[in-house]
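Peer 1: I have a structure here, written as structure tokens, and I will follow up with some questions on it.
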Amino acid sequence: MGKSTSTNKPVRHSQRGLVIWHGMRMRDFRKLRKVGAELHWSQLHRILPTLGMLPYNTVMEKVEGWRYEKKLAETEVKPPLFVLGHWRSGTTLLHNLLTLDDRFTYPNLYQCIFPHHFLSTEKAMAGLTSWLVPKRRPMDNMETGWKLPQEDELALLLTTTYSPYRNLAFQGHRERYEDYFDFKSADPQEREQWKAAMMRFMKKITLRTGKPIITKSPGHTYRVEILREMFPDAKFVYIHRHPYDVIRSTIHLRAVMFQTNALGKINLENHDELVYQAYEQCIRTYEEDKQNIPEGHLYELKYEEFEKDLLGHMHKVYDNLQLPDFEHVRPKIEQYVAGQKEYKKNVFPTDAALAEVVNTRMKFVLDKYGYDPVS
């Protein structure tokens, strides 16, 4: 039997100066500390800048409210398109392709890191602070930048703290964030606060352009039920990938996220098991809740087929979800696909222990999606 995928030792990655917590307000930081968020002197290079940003974000949120509250109250969010799929299933690639269509809009990295005041500060500050943003994501080498599409989960973490990304503050304590995957067992008041924050963020994105929003968060794969409550006419595109590749890559992603954003001492004990639990919950919850999505509002993709013919499968997405004329965006997708030829994926050796977990514990996924066991 091979070694476990985790080494329990953090791998060093450079992230320049940016961490998720730079967009947090004072009261949300206090909220995390009150329920036991971990801090450690070894992370002072992140803790001190984060503390410095707390009053700035708190004040600028009040300025933004004063400037835009009336307009936000009058803003209607058009039916959005949600990109679903577990982490490392291809959601970023799919989101990037969909957001090439200028008839839609999307949350970008600046808006997701600074959700409290981006309407007031983005134009002035994005250019001045671009040096803080790494050119590529440390977990998978994909291009990044303030203006590029980003998952709205970051904004929801920073506006409510009710997100599985709380794990960056609590590490191995799943009980402190597990309710915020699907919210089915969450405190009803927290659930309503999350919904209000989600709606406010979507209104702020809408206010910029008035266009329908294409957004993605792997966390939303657990939340079809709550998203349909909020946006009954929303459409969904779901992408899945062989569970071995997904879990192996998610274990790596999770370690990198701790290395680049943790404010406490990094502890990867029980790391793999937490990934297994989250993956199982994701697939089971999605498969149960998708049954209530109306016909024509959901399209599903298999990553292994999608990556072989990006253009062809994007055409199918447009046709099946009855999105606007595909020919309008075809040239941009063709150009993007041509540029992807230089992209190099991370390569990992086969892990016999993980293969056994996938072939037994995740057999229901192999059977559901038609994947072969790992040999």
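Please treat every number below as a calculation from the coordinates, not as lab data. Because the structure is a prediction, the values reported are computed rather than measured. All Cβ positions, glycine included, derive from the backbone under ideal geometry; neighbour counts span all protein chains shown.
Peer 1: Please give the FRET efficiency for TRP66 paired with GLN281, using the beta carbon to beta carbon distance and R0 = 51 Å, rounded to the nearest 0.05.
Peer 2: The calculated FRET efficiency here is 0.80.
Peer 1: Among TYR68, ILE226, VAL237, which residue has its Cα positioned farthest towards the positive end of the charge dipole of the chain, with +1 placed on the Cβ of Lys and Arg, -1 on the Cβ of Asp and Glu, and the dipole taken about the Cα centre?
Peer 2: Value: TYR68.
Peer 1: Which of PHE114, MET314, THR206 sits farthest toward the positive end of the charge dipole of the chain, with +1 on the Cβ of Lys and Arg and -1 on the Cβ of Asp and Glu?
Peer 2: After comparing all options, I get PHE114.
Peer 1: Next question. So who's got an amide H within less than 5 Å of the one on LYS216, skipping anything under 5 residues away but keeping other chains? H placed 1.01 Å off N, in plane.
Peer 2: Close amide H contacts, sequence-distant or interchain: VAL83, ASP152.
Peer 1: A further question on this structure: For the stretch 260-375, evaluate the Debye formula with one uniform point scatterer on each Cα (no solvent term) and list log10 I(q)/I(0) at q = 0.18, 0.19 Å⁻¹, rounded to two decimals.
Peer 2: For the stretch 260-375, the Cα-only Debye profile gives -1.18, -1.19.
Peer 1: Given H placed on each backbone N at 1.01 Å, which residues far from ILE239 in sequence or on other chains put an amide H within less than 5 Å of it?
Peer 2: The answer is LEU84, GLY85, LEU301.
Peer 1: Something else: Projecting each Cα onto the charge dipole of the chain (Lys/Arg +1, Asp/Glu -1 at the beta carbon, about the Cα centre), which of TYR279, GLN340, SER42 comes out farthest on the positive side?
Peer 2: Farthest towards the positive pole: SER42.
Peer 1: Could you give the dipole magnitude of the chain about its Cα centre, charging the beta-carbon of Lys and Arg +1 and that of Asp and Glu -1, in debye to the nearest 20?
Peer 2: 1500
Peer 1: Could you pull out the pairs from LYS31/LYS265; LYS290/LYS316; LYS184/LYS265 whose alpha carbons sit more than 26 Å apart here?
Peer 2: Distance filter (> 26 Å) returns LYS184/LYS265.
Peer 1: Out of the DSSP beta bridges found with both residues in the chain, what percent are antiparallel (nearest 5)?
Peer 2: 15
Peer 1: Additional query: How would you order 221-231, 303-313 from highest to lowest mean count of nearby Cβ atoms within 10 Å?
Peer 2: In decreasing order of mean packing, 221-231, 303-313 become 221-231, 303-313.
Peer 1: Averaged over every viewing direction, what's the projected area of the C-alpha convex hull for the chain? Give it in nm², one decimal, please.
Peer 2: So the Cα hull casts an average projection of 18.0 nm².
Peer 1: Rank the residues ARG46, ARG27 as a footprinting-exposure proxy: fewest other Cβ atoms within 10 Å of their Cβ go first.
Peer 2: Sorted ascending by nearby Cβ count, the order is ARG27, ARG46.
Peer 1: Rank VAL63, VAL77, VAL237 by mean-square fluctuation in a GNM of the chain with C-alpha springs under 10 angstrom and give only the top-ranked residue.
Peer 2: Checking each option, the largest mean-square fluctuation is seen for VAL63.
Peer 1: By a straight-distance test (C-alpha under 18 Å), which lysines pair with LYS211 as possible cross-link partners, with residues fewer than eight away in the same chain excluded?
Peer 2: Answer for LYS211, where 18 Å is the Cα cut-off: LYS71, LYS78, LYS147, LYS203, LYS235, listed by chain and number.
Peer 1: Please report the equivalent ellipsoid semi-axes of the stretch 226-305, computed as sqrt(5 x eigenvalue) of the Cα gyration tensor, largest first, in whole Å.
Peer 2: Value: 30, 16, 12 Å, ordered largest first.
Peer 1: What value does the stretch 36-95 have for Rg/Rh, both radii from Cα atoms and Rh as Kirkwood defines it?
Peer 2: 1.16
Peer 1: Work out from phi, with θ = phi - 60° and the Karplus expression 6.51 cos²θ - 1.76 cosθ + 1.60, the ³J(HN,Hα) of each residue of the stretch 353-359, listed in order in whole Hz, and give x for Gly and Pro.
Peer 2: Per residue, the Karplus-derived 3J(HN,Hα) values read 5, 5, 4, 5, 4, 5, 5 Hz.
Peer 1: Let me have the 222 nm mean residue ellipticity of the chain computed from DSSP H runs of 4+ only, each contributing -39500 (n - 2.57), with the sum over all residues rounded to the nearest 500.
Peer 2: After summing the helix terms and dividing by the residues of the chain, the value is -15000 deg cm²/dmol.
Peer 1: Order of ILE266, ILE205 from fewest to most other C-beta atoms within 10 Å?
Peer 2: ILE266, ILE205
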